[in-house]
Amino acid sequence: MPPSGPRFDRLDALRALALLWMTAYHFAFDLNHFGHIRQDFYADPLWTGQRTAIVSLFLLCAGAGQALAVQAGQSAARFARRWAQVAGCALLVSLGSWWMFPKSWISFGVLHGMALMLLLTRALLRRGALRGRWPWLGGLLLIAAAPLAGAWLRQAGPPALAQALDGRWLNGLGIVTRKPITEDYVPLLPWLGVMWLGVGAAQWAPLRAWLARPAGAALRALAPLGRWSLSYYMLHQPVLIGLLLAWAALRAG
């Protein structure tokens, strides 16, 4: 069910735009997977840049949403229920990707990353540690730390430590010598920093006022999709893949 309590239609509409962009991206990915087009989704900047932008928009919205929820007094029980939904869906994504991509299944994708980032961000927000300039400084520091930590690990890190951090059970930290072979990878570094920038943005008075303003007709039409973002995220790929398989079966028949 969608979250209860006051809503910000403009923020929900931004989340909906991210969902629609993601759908177009995944549709192209699926076309490529089934051999209908030929694109390099792992190295071509056209696709890697889009992925970075889509994930960034999702996490900025998630950070903003957490800041607004804490300001509105959202209960710990409500947060726990929502967090359990995210974590449960992350497990389903791992199982589904293991079935479809057994050699590159998802162990720390966007939902896995969000589940851990939400816990950390919520705890710091409740303690007042992400106010004023601190989410901005902390976010930028975490974003900058990712390439610096990776470079240190490659050049001077102990081999045993590098091997452990590159492993599937620790690469979610984001301190790695190479990107793991997986269909989705959203580690804490640098992405927690992006979420914290969203926290800072929602606490910045001009943007906070913009989010609180009544939305126009176009944004109001998009907002309901943003309120059901997790359900949509979980369903869109099975629907897209099912449609492509049905189309292929019709063509073959």
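The values are calculated or read from the model by the stated rules, or taken from the named source; none is laboratory data. The model shown is predicted, which means the values in this text are computed figures rather than measured ones. When we count neighbours, we look across all protein chains shown, and the Cβ atoms used for this are built from the backbone with ideal geometry, even at glycine.
Within segment 204-222, if we keep just the residues that are under 25 Å from the mean Cα position of the chain (by Cα) and more than 19 Å from residue 63 (Cβ to Cβ), the residue that is surrounded by the fewest Cβ atoms within 10 Å (Cβ to Cβ) turns out to be 218.
Matching residues to (1) buried (at least 20 other Cβ atoms within 10 Å of the Cβ); (2) at pLDDT 95 or above:
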residue: 97; (1), (2): no, no
residue: 103; (1), (2): no, no
residue: 120; (1), (2): no, yes
residue: 125; (1), (2): yes, yes
residue: 129; (1), (2): no, yes
residue: 140; (1), (2): no, yes
residue: 161; (1), (2): no, yes
residue: 178; (1), (2): no, no
residue: 181; (1), (2): no, no
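Answer yes or no as to whether residue 11 is modelled with pLDDT of 95 or more, in contact with a Cys (Cβ under 7 Å, 6 or more places away or on another chain) and either assigned to a helix (DSSP H, G or I) or of a type outside the set (Gly, Ala, Ser) (or both). Considered against the rule, which asks whether it is modelled with pLDDT of 95 or more, in contact with a Cys (Cβ under 7 Å, 6 or more places away or on another chain) and either assigned to a helix (DSSP H, G or I) or of a type outside the set (Gly, Ala, Ser) (or both), residue 11 comes out as yes. One residue alone among 129, 149, 123 is closer than 20 Å to residue 62 by Cβ, hydrophobic (A, V, I, L, M, F, W, C) and within 22 Å of the chain's Cα centre (by Cα), and that residue is 123. All of (1) surrounded by 19 or more Cβ atoms within 10 Å (Cβ to Cβ); (2) assigned to a helix (DSSP H, G or I) hold for residue 225 with one exception: (1). Residues in segment 72-88 that are touching a residue at least 40 places away in the same chain (Cβ under 8 Å) and in a helix (DSSP H, G or I) were compared, and the one that is surrounded by the fewest Cβ atoms within 10 Å (Cβ to Cβ) is 78.
Of the helices (runs of 4 or more DSSP H) lying entirely inside segment 97-202, those carrying at least 2 residues that are of a type in the set (Phe, Trp, Tyr) are 134-155. Taking (1) closer than 21 Å to residue 73 by Cβ; (2) in contact with a Leu (Cβ under 9 Å, 6 or more places away or on another chain); (3) without any contact (Cβ under 8 Å) to a residue 24 or more places away in the chain in turn, residue 128 satisfies each apart from (2).
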